[in-house]
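A short write-up of the structure that comes next.
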Amino acid sequence: MEKRYLFTPGPTPVPPEVLAASAEPIVHHRGPDFRDVYESTLRRLKEVHRTSADVLLFTSSGSGAMESAVANLAAPGDRVAVVSHGSFGERWIAICEQHGLDVQAIRYEWGERPDAAEVGAAVADSGVEIVFCQQSDTSTGVVSDVRAVKEAVGEALLVVDAVSSLGAVPLETDEWGIDVVVSGSQKALMAPPGLATASVPAHVLERTKRSRSFYFDWRATKKAQDKLDATFTPAVSLIRSLDVALGLILADGLEQAFERHVRLGRAARAGVKAMGLELFSPDDDTSAVATAIRAPEGIDADELLLHLRDRHGVTLAPGQAHLKGKVFRIGHIGWFDVFDIASALAAVELSLTELGAYIERGVAVPAAFEAFESSVATS
Ligand SMILES: *Cc1c(COP(=O)(O)O)cnc(C)c1O
């Protein structure tokens with residue numbers, strides 16, 4: 001019997017009461033039993049999305065909500081901009097291209113934070129009316145200042161992928177004027193994979209074109225949700241789980257979640273540095289979602305991950321695309337505490353030693369605990 005540890009930035013560990021909710025008997029999705037859960041989930045989603053707008057709920061992974069934005073907001077030939085600073089930015093570009101859009105890619109080095117003023121200038125130059133970006137590009141751990149990006153792009157619609165950041169770092173959808181926010185159940189929202197969300201206010205819905213997706217049609221989805229109905233059979237068991245998870249998050253309050261994520265990020269970085277490893281993600285409090293770490297000289301990151309899994313039952317995340325083999329990532333979104341970070345660090349320390357890397361031993365975990373204790377100034 002082996003105990004397994006999941007320390008990735010999605011999917012993330014799920015609290016037992018959230019898992020248990022999905023084991024409840026199945027209810028029919030067009031009856032009062034489901035309507036209560038649906039109503040509660042949709043209401044809580046608005047709170048977590050910090051918006052008074054409708055939050056559309058889809059049975060799909062996060063990429064489904066991303067594609068829904070493209071399919072409802074643009075038509076083939078439309079020129080749109082994508083701010084890309086990692087593999088998920090490249091996903092926006094791929095989705096837009098597959099839908100026949102003319103994409104202006106505003107690219108940054110992976111690991112770099114987008115420059116809002118530069119993005120604003122590029123968008124003003126081209127005159128595009130829709131901009132897609134990430135709040136957190138989970139591939140690098142970089143969290144972008146989407147508030148500044150929205151200010152910089154002005155009237156252009158800003159569609160923010162917050163799949164890994166919603167519930168982890170502040171995102172004031174209404175207050176910052178973010179037009180659309182998409183997210184997913186399996187990251188900071190502490191629920192199993194399989195559900196995706198998109199906040200769509202009235203002013204955005206008015207601008208939608210005829211949806212090029214039947215399944216992800218925003219107008220049809222809103223019309224159904226308004227009656228607490230669903231366009232298609234939703235994953236009722238997952239929605240039950242998500243409802244419980246959102247309830248847990250809101251009971252503690254989002255502010256507390258944001259503070260915990262900052263402190264978990266500090267703990268992870270302090271431990272990594274104490275061991276003598278080099279960070280890939282920025283070494284500051286914005287890196288609250290995931291910590292990306294460079295594999296030491298002579299060690300292949302993917303080999304390290306396999307070793308961690310096979311020898312110690314610990315799952316961390318690999319580097320993506322050109323970072324594959326070079327970088328590995330510890331997630332700290334959702335149901336994580338400092339003991340998870342300590343376990344992840346201890347396992348990395350052990351595996352690297354077993355693989356023959358030279359690292360400082362016995363210092364990472366104390367450093368992590370010490371960093372976690374530091375208080376966070378909340379604005
Ligand atoms: C996880 C993630 C997604 C969605 O991935 P799925 O596998 O489709 O759920 C999108 N964007 C970011 C930034 C993510 O971290």
As a percent rounded to 5, the proportion of antiparallel DSSP bridges among beta bridges in the chain is 50
Descending accessible area (1.4 Å probe), largest on the left, turns Ser126, Ser351 into Ser126, Ser351
Dividing the helical contributions, -39500 (n - 2.57) per DSSP H run of n ≥ 4, by the residues of the chain yields a 222 nm value, nearest 500 deg cm²/dmol, of -13000 deg cm²/dmol
Expected vector for region 55-71, Karplus 3J(HN,Hα) from phi with 6.51, -1.76, 1.60 and θ = phi - 60°, integer Hz, x for Gly and Pro, equals 10, 7, 10, 10, 8, 5, 7, x, 4, x, 5, 4, 5, 4, 5, 5, 5
With every protein chain in place, the accessible area of Ile341 for a 1.4 Å probe, in Å² rounded to the nearest 10, comes to 0
Computed for region 236-329: size of charge dipole around the Cα centre, +1 on C-beta of each Lys and Arg, -1 on C-beta of each Asp and Glu, debye to nearest 20, value 140
Per its Cα gyration tensor (rounded if a/c is under 1.5, else prolate when a/b beats b/c, else oblate), the chain is best filed as oblate
Restricted to region 115-195, the DSSP antiparallel beta bridge percent, nearest 5, is 20
Under the 7 Å Cα-to-Cβ spin-label approximation, Leu205 and Val27 lie apart by a distance in nanometres of 2.4
With 0.36 nm assigned to each residue of separation and the Cα-Cα distance removed, Glu151 to Asp36 gains 37.6 nm
So the carbon and sulfur contribution to the accessible area of region 272-379, 1.4 Å probe, in percent, is 53
Within the chain, pairs of Lys residues whose Cα atoms are less than 27 angstrom apart, provided they are eight or more positions apart or on distinct chains, add up to 20
Subtracting the Cα-Cα distance of Glu118 and Arg219 from 0.36 nm times their residue separation yields 33.0 nm
Once all protein chains are kept in place, Asp229 shows an accessible area at probe 1.4 Å, nearest 10 Å², of 50
The distance between the Cα centres of region 254-332 and region 341-379, in whole Å, is 10
Per residue, the convex hull enclosing the Cα atoms of region 297-362 spans a volume in Å³ of 88
The percentage of the accessible area of region 1-125 (probe 1.4 Å, all protein chains present) made up of carbon and sulfur atoms, to the nearest whole number, is 49
On the accessible surface of region 132-186, probed at 1.4 Å with all protein chains in place, carbon and sulfur together account for a percent value of 43
Computed over the chain, protein heavy atoms only, probe 1.4 angstrom, the accessible area per residue in square angstrom equals 41
Burial-style ranking of 282-289, 327-334, 1-8, average other-beta-carbon count within 10 Å with highest first, yields 327-334, 282-289, 1-8
Whole-Å distance linking the alpha carbon centroid of region 1-77 with that of region 151-224 is 12
Measuring from its Cα centre, region 118-238 shows a charge dipole (+1 at each Lys and Arg Cβ, -1 at each Asp and Glu Cβ) which, in debye to the nearest 20, is 640
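The values are calculated or read from the model by the stated rules, or taken from the named source; none is laboratory data. Remember, it's a predicted structure, so these values are computed and weren't measured experimentally. Quick reminder, even Gly has a Cβ in these numbers, built from the backbone with ideal geometry, and neighbours come from all protein chains shown. Accessible surface is based on the protein model in full, side chains and every heavy atom, while ligands, DNA and RNA are left aside. Shrake-Rupley method; radii C 1.70, N 1.55, O 1.52, S 1.80 Å.
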